[in-house]
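To keep things clear, I will list the structure first and then write my remarks on it.
The values are calculated or read from the model by the stated rules, or taken from the named source; none is laboratory data. As the structure is a prediction and not an experimental result, all values here were calculated from the model. Note that each Cβ is placed from the backbone with ideal geometry, even for glycine, and that neighbours are counted across all protein chains shown. Accessible surface is based on the protein model in full, side chains and every heavy atom, while ligands, DNA and RNA are left aside. Shrake-Rupley method; radii C 1.70, N 1.55, O 1.52, S 1.80 Å.
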Amino acid sequence: MGGLIQILLLFLVATLVLSYLRANRQVWALVLFAVLIVASFTIAAGWAVLALAWLLVAAVIAVLMLDDFRQAYIAMPVFELFRQQMPGMSQTEQEALEAGGTGWEAEMFRGRPNWDHLRQYRPGLKAEEQAFLDGPVEELCRMVDDWRITHDLHDLPADVWDFIRKEKFFSMIIPKEWGGLGFSAQAHSAVIVKLASRSITAAVTVMVPNSLGPGELLLKYGTEAQKQQYLPRLVIGEDIPCFALTSPEAGSDAASMVDRGVVCRQAFGGQDDVLGIRLNWSKRYITLAPVATLLGLAFKLYDPDHLLGEEEEVGITLALIPTGTEGVEIGRRHMPGATPFQNGPVQGHDVFIPLDWVIGGPDYAGKGWRMLMECLSEGRGISLPALSVAAAKLTSHTSGAYAMVRQQFRIPIARFEGVEEMLARIVGKTYLMDAARQLTLMMLDTHTVPSVATAIVKYHLTEMMRENVNDAMDIHGGKAIMLGPANYLMRTYQAQPISITVEGANILTRNMIIFGQGALRCHPCLMDEVRAVADDDPEAFGEVLCRHISHALGAAARAFVPAISFNLIGSGTRQQRKLNQLSAALAFSSELSLLLLGGELKRRERLSARLGDALSYLYMGSAALLMYENNGSQADEEDLLDWSISYSASKAQDALLQLADNLPLFAGVLLKLMCFPFGRRYQRPSDRLDHRVAALVTRQGPVRDRLIRGIFLPEAEHEPLYQLSQAFELALACEPIERKLKIAHNQGILDNNNDLDMAVEKGVIDETEAGEYRRAVEARMKVIEVDHFSAEQYAGST
């Protein structure tokens, strides 16, 4: 028995090393044979044990080296099993999976990230983009009065609409050749971040035409005639676009829309017999619909008379329709979250359009779903993450300052550990969110549309924004509750559910899209295996299967070896080794889940969501590493990096452990044994680290400046944010004076440490210090003051 155990251990070590190094088949065969020879001459084992070992090794070497043998006895049975278990896939699902590409998220999914590939992404704006941010965007922010917009006008004022048109805010994504600004994804996002920190209504108004809408669809798919007709008008704001996708009975499941068009012939535009489409639709939640002049419409197209071809059900199709077209009905306005950007329903009753109004022309009839998936992935990676990061930066700025200005028990509330804990969460998540936003934007600027990465930032950044805003509301207390011109948080709080629900509801995004798409898009083998089965090509399947087995064994080894060595084995920095091990753990967990559940994993949404969570946190943690390096790897930022990596690693670990707890018993035990043999390895940020991170926003300095960089900071004295900044500066400046007064009070020199005249008289402080302290108190009282209204005013104040 002892000899058998020794032989098994020897082969186990050899297998781990070979798998870890991803050795090729020839090396595997050579090493296994060499190990067998060594075992035969050095280990005292019976002849039966040695004979069994020789037979098993011979069988493995035959599988490795004999192609025909491997194909017949391994690949073909697996091919047949794969074909039987592969779930059916609708045309819309297939198009969704094939839309876009992959980027860095695929590296983290595959368990062997190449950090040099991550370093290729460098942030930066062109001079003209920075000039636009410093010029028109700043001017627009100064023009906007959010209280007036939300309570008096319920809309942007006319001069703001005119300025937006004049400065081409609606044409940031339209290339210069068509008269647009031709901005990068990074510049587009930066504009939305700054505007959203000032007014969500203004930000959404600018955001939508530059996201999923007629402009982007025209650029990607429009005919030359369509571009000539519409792009110049969109550039100058002569046409205001909207895009109608969501139906009352089809929200996130847009493929089930009931809006329909039928190919037919009828008189139109002075001609008697025009080939076109008769449309009937009902859409809702359509941003800019109440003011739009150009409607992009998604509908299902049918051709019962075969005027286009053999297929009666052509499929989802997109068209451009001027809103003045007969039969188009713009409904009354919605009020999304008390945030009055223009939004409302739109209907169409027997609307006839010529066939050449289909975006891309007749050749693109039925191709609308893929068009939507590609454009939605790109817009999803820019717009909503920008809104979320703007909110996070605003909460970091205001919460850090307010916690130093507001006092309880004669000390700033930032000194209380409960507040400090919330501040650390706000700051750390803001850093993570901004890092993930920037990495995704840089990938988009390389003309990659990473559909999985954009889903990650859509879901996690909007959720983390919600958490940040809630923490900020707790820190501000009553100051954040009382609505009025001085309240700089409530509008963000009220608007946060909007981002959660649009562009793919968060429940759908987490439970079905991130891992559902990620498993096929990011896996090095699965998509090729699916194609081989679909093409009925066993030989191609056999080749991919070899790669798949090698990948799975490598993932297991790269999870286990670092785990038992406490990440001492492996290359890279301390943070990289931690993420490497978890990346391999994710890869192994994915393989185990797919092996056990196959296509059933598609329906086991909670398991799929946990795998998606692990991928997401690894993506965000690696993004924080990149941002730290791109910021110059400065020592004063290291605590933020450590917080981000600790938080991301612990969350990824939690997701995988929860997955293990809900797999069949033997599988859960195996997963924990291979990935976490000593139990939970990665802890959330410690109290000491939280303390240091919270301090970064309660003190002025370069880290705080970098963290909140990009939001609008007003300089007019009547502005609440300016008053907060001034009070914050005075509070910091008066800290030495506070200490003098406190010491004097404790020593009995002063009866009341607020009696400044007595303090001056007794020489505790001088007149200059007393004056500075009085200014700080006055500034503090102005900040903690909340709005109040007369009975007449109150009637219109909510």
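Things worth noting here:
- The lone criterion from (1) surrounded by fewer than 15 Cβ atoms within 10 Å (Cβ to Cβ); (2) touching a Leu at 6+ places or on another chain (Cβ under 6 Å); (3) not aromatic (Phe, Trp, Tyr) left unmet by residue 788 is number (2).
- Within region 755-764, if we keep just the residues that are in contact (Cβ under 8 Å) with a residue 12 or more places away in the chain and either surrounded by fewer than 19 Cβ atoms within 10 Å (Cβ to Cβ) or in contact with a Gly (Cβ under 8 Å, 6 or more places away or on another chain) (or both), the residue that is farthest from residue 404 (Cα to Cα) turns out to be 762.
- The lone exception for residue 156 - which of (1) in a loop (DSSP other than H, G, I, E, B); (2) more than 17 Å from residue 445 (Cα to Cα); (3) in contact with a Lys or Arg (Cβ under 7 Å, 6 or more places away or on another chain) it fails: (3)
- Criterion (modelled with pLDDT under 90, part of a helix (DSSP H, G or I) and out of contact with any Cys (no Cβ under 7 Å at 6 or more places or on another chain)) met by exactly one of 594, 586, 582: 594
- Restricting 284, 278 to those that are open to solvent by 50 Å² or more (accessible area, probe 1.4 Å), among the charged types (D, E, K, R) and at pLDDT 95 or above reduces the list to 278.
- Residue in region 777-798 that is touching a helix residue (DSSP H, G or I) at 6+ places or on another chain (Cβ under 8 Å), farther than 25 Å from residue 421 by Cβ and not in a loop (DSSP other than H, G, I, E, B) present: yes
- Some residue of region 678-689 being in a helix (DSSP H, G or I), of a type outside the set (Gly, Ala, Ser) and touching a Pro at 6+ places or on another chain (Cβ under 8 Å): no
- Selection count where residues are more than 17 Å from residue 628 (Cα to Cα) and either touching a residue at least 60 places away in the same chain (Cβ under 8 Å) or in a helix (DSSP H, G or I) (or both), scope region 698-709: 1
- Of all residues in region 651-702, those satisfying the criterion of being more than 27 Å from the chain's Cα centre (by Cα) and of a type in the set (Lys, Arg) are 672, 688, 699.
- Taken over region 443-485, the residue count meeting the criterion of being at pLDDT below 95 and of a type in the set (Asp, Glu) is 1.
- Selection count, region 392-423, where residues are among the aliphatic types (A, V, I, L, M), part of a helix (DSSP H, G or I) and open to solvent by 20 Å² or more (accessible area, probe 1.4 Å): 2
Yes/no matrix, rows are residues, columns are (1) without any contact (Cβ under 8 Å) to a residue 24 or more places away in the chain; (2) crowded, with 22+ Cβ neighbours inside 10 Å; (3) closer than 30 Å to residue 389 by Cβ:
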position	(1), (2), (3)
505	no, no, yes
510	no, yes, yes
539	no, no, no
546	no, no, no
555	no, yes, no
572	no, no, yes
602	no, no, no
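- Hey, residue 777 hydrophobic (A, V, I, L, M, F, W, C) and in contact with a Gly (Cβ under 7 Å, 6 or more places away or on another chain) or not: no
- Of the residues making up region 712-725, one or more are within 24 Å of the chain's Cα centre (by Cα), open to solvent by less than 20 Å² (accessible area, probe 1.4 Å) and not basic (Lys, Arg).
- For region 337-351, a residue qualifies if it is of a type in the set (Gly, Ala, Ser) and either touching a His at 6+ places or on another chain (Cβ under 6 Å) or on the phi < 0 side of the Ramachandran plot (or both), and the qualifying residues are 344, 348.
- Here residue 447 meets each of (1) free of Cβ contacts under 8 Å to residues at least 40 places away in the same chain; (2) within 30 Å of residue 718 (Cβ to Cβ); (3) not in a helix (DSSP H, G or I) with one exception, condition (2).
- Test set (1) open to solvent by 40 Å² or more (accessible area, probe 1.4 Å); (2) modelled with pLDDT of 75 or more; (3) more than 28 Å from residue 531 (Cα to Cα); (4) not charged (D, E, K, R) - residue 57 fails condition number: (1)
- Some residue of region 606-620 being more than 24 Å from residue 690 (Cβ to Cβ), open to solvent by 40 Å² or more (accessible area, probe 1.4 Å) and free of Cβ contacts under 8 Å to residues at least 40 places away in the same chain: no
- Output for region 299-319, where each listed residue is in contact with a Leu (Cβ under 9 Å, 6 or more places away or on another chain) and either closer than 22 Å to residue 215 by Cα or in a strand (DSSP E or B) (or both): 299, 301, 313, 314, 315, 316, 317, 318, 319
- Residue in region 123-134 that is of a type in the set (A, V, I, L, M) and crowded, with 23+ Cβ neighbours inside 10 Å present: no
Here's the yes/no breakdown for (1) of a type outside the set (Asp, Glu); (2) crowded, with 21+ Cβ neighbours inside 10 Å:
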| residue | (1), (2) |
| --- | --- |
| 319 | yes, yes |
| 322 | yes, no |
| 329 | no, no |
| 333 | yes, no |
| 348 | yes, yes |
| 354 | yes, no |
| 357 | yes, no |
| 363 | no, no |
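- So residue 468, is it closer than 17 Å to residue 394 by Cβ and not in a helix (DSSP H, G or I): no
- In this structure, residue 166 does not satisfy being closer than 19 Å to residue 712 by Cα and charged (D, E, K, R).
- Residue count, region 765-785 (criterion: open to solvent by 50 Å² or more (accessible area, probe 1.4 Å) and under 40 Å from the mean Cα position of the chain (by Cα)): 3
- Residues within region 159-212 that are open to solvent by 20 Å² or more (accessible area, probe 1.4 Å) and in a loop (DSSP other than H, G, I, E, B), tallied: 11
- Each residue in region 107-130 was checked for being under 16 Å from residue 185 (Cβ atoms) and not in a loop (DSSP other than H, G, I, E, B), and 3 pass.
- Residues located in region 503-533, provided they are in contact with a helix residue (DSSP H, G or I) (Cβ under 7 Å, 6 or more places away or on another chain), hydrophobic (A, V, I, L, M, F, W, C) and in a loop (DSSP other than H, G, I, E, B): 525
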